[in-house]
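Below you'll find the structure, written out as structure tokens, and then a few comments.
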Amino acid sequence: MGDLSRFCCLNAGCPGHGKRNHGNLTVPARYGPNSTRVLRCSTCQARFSERKGTPLYGTRLSADTVVSVLAHVAEGAGARKTARLVGVHRDTITRYIRQAGEHAQQLHDELVALSPPHERTPAR
Ligand SMILES: [Zn+2]
């Protein structure tokens, strides 16, 4: 079945929502060219893709290829250069860049919902 400890139920109304390694997930099915797992929550019966909520959602490339694409981009390689090095069409590269950027933005907004209290040192 593979390691499910990094996953959690994505149904916001479920008592197990967001709890990783909670023992509530099973893999009732797989789909797509990479045998992407469908996860099922035994608490609320919700089913979702293991890629949902990640930059891999809705992609047909293997996780390794996507990671390679984003690693090249993160190192400063442009879309054309990355396309040549990884062997993926450059329109696909730009789509991944956009998707990863939106994902990072959402994650940032979730993790940094509140600014840390700013303590000013009184001027002397
Ligand atoms: Zn659930």
Helix-derived mean residue ellipticity, 222 nm - over the chain, DSSP H n ≥ 4, -39500 (n - 2.57), to 500 | -11000 deg cm²/dmol
Can you tell me the dipole magnitude for the chain around its Cα centre, using point charges on the Cβ only (Lys, Arg +1; Asp, Glu -1), in Debye to the nearest 20?
-> 220 debye
Stretched fully, the stretch from VAL67 through ARG84 gains (0.36 nm per residue minus C-alpha distance, one decimal, in nm) 4.6 nm
Of the options ALA46, PRO33, ALA71, report the single residue whose Cα projects farthest towards the positive end of the charge dipole of region 14-119 (beta-carbon charges: Lys, Arg +1; Asp, Glu -1).
-> PRO33
Among rounded, prolate and oblate, which fits the chain when a ≥ b ≥ c are the square roots of the eigenvalues of its C-alpha gyration tensor, a/c under 1.5 means rounded, and a/b larger than b/c means prolate?
-> oblate
Of the peptides 56-67, 39-50, how do they stack up when ordered by the mean number of other Cβ atoms within 10 Å, highest first?
-> 39-50, 56-67
Assuming R0 = 35 Å, what is the FRET efficiency of THR121 and GLU75, from their Cβ-Cβ distance, to the nearest 0.05?
-> 0.35
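Every number here is computed from the coordinates shown, using simple stated rules; none is lab data. Since this is a predicted model, take the numbers as computed values, not measurements. Every residue, glycine among them, receives a Cβ derived from its backbone with ideal geometry; neighbour counts consider all protein chains shown.
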